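What follows is a short report on a single structure.
The values are calculated or read from the model by the stated rules, or taken from the named source; none is laboratory data. Note that the structure is a prediction, hence the values are computed from the model and not measured. Methodologically, a virtual Cβ is constructed for each residue, glycine included, from the backbone with ideal geometry; neighbour enumeration extends over all protein chains shown.
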Amino acid sequence: MAADCDIPVEHWELPGEPFRLAAIAVAAADWELRLSSSAREKIRRFMDPAARHRAGASEWFKTCWLPRQLGSDRVEFQTGNNGKPLLTGSAAEWGFNLSHAGEYAVAVLARGVSIGVDLESMSRPADVERLGERVFSGSEQALVRAGGREAFFTLWSQKEALLKALGCGWADGGIVRRTRLERIPYQVEPATGIQLWSRNVVGGAYALAIAIMAS
């Protein structure tokens, strides 16, 4: 377990939502001074300083925040389909997922479900209509044409979270092009039955989505 767990944490879940949702600034600490030796080895693989900050924040969530949430000294993971990390042992009943974008990293936790989270910076460069034609269904492409960048990143974050909950990744083109996502705060996506929560955060600078699939 990491030695220091005093990183300022923002709680982004709203009243009544069935998950814990925490956010930290990726530059909140010098992660090499905060993490265990094994975690430090993982983040040293990243040569780009920004990527190293993001990796450090993610390792802090896994080695400090998560064990505290579960009342454990440490947690163990195994790799699921498409590389998704899954909790094992006494924590196997919990769904856990991470995402990061821009200045923030987020973690989501819920019991008895498979869960996914995605955070997207609205300022990230992207040819939204061209990319939307590749990854969105017809109804979703129409929303992007009508709503521009905000619509694109809202739907992108929703789809990324949904795919994480399913554990299938973008490679499953059948699911990617079959969804019928909407720009609404809560929905049950009809093609998959996935529950989705979606909103803008940090003054509208980021699109956030959380997806839950019953185990």
message = Pairs please, first residue from region 140-166 and within 30 Å of residue 214 (Cβ to Cβ) and outside the structural domain of residue 96 (by TED's automatic domain parsing), second anywhere and buried (at least 19 other Cβ atoms within 10 Å of the Cβ) and among the hydroxyl-bearing types (Ser, Thr, Tyr), Cβ atoms under 6 Å, 6+ apart in sequence or on different chains.
response = 158/198; 165/114
request  = Please work out which one of (1) free of Cβ contacts under 8 Å to residues at least 12 places away in the same chain; (2) hydroxyl-bearing (Ser, Thr, Tyr); (3) part of a loop (DSSP other than H, G, I, E, B) is the condition residue 38 fails and give its number.
outcome  = (3)
ask   = If you check 149, 111, 180, which single one turns out to be at pLDDT 90 or above and touching a Pro at 6+ places or on another chain (Cβ under 6 Å)?
value = 180
query = residue 22: in a strand (DSSP E or B), in the same structural domain as residue 77 (by TED's automatic domain parsing) and either loosely packed, with under 15 Cβ neighbours inside 10 Å or in contact with a helix residue (DSSP H, G or I) (Cβ under 7 Å, 6 or more places away or on another chain) (or both), yes or no?
reply = yes
task = For region 167-181, state whether one or more residues are surrounded by fewer than 23 Cβ atoms within 10 Å (Cβ to Cβ) and under 22 Å from residue 61 (Cβ atoms).
result = yes
inquiry  = Exactly one of these conditions fails for residue 164: (1) buried (at least 16 other Cβ atoms within 10 Å of the Cβ); (2) over 14 Å from the mean Cα position of the chain (by Cα); (3) modelled with pLDDT under 95; (4) closer than 23 Å to residue 16 by Cα. Give me its number.
reply    = (2)
ask   = Can you name the residue in region 116-152 that is in a helix (DSSP H, G or I) and of a type in the set (D, E, K, R) and, of all such residues, is surrounded by the fewest Cβ atoms within 10 Å (Cβ to Cβ)?
value = 130
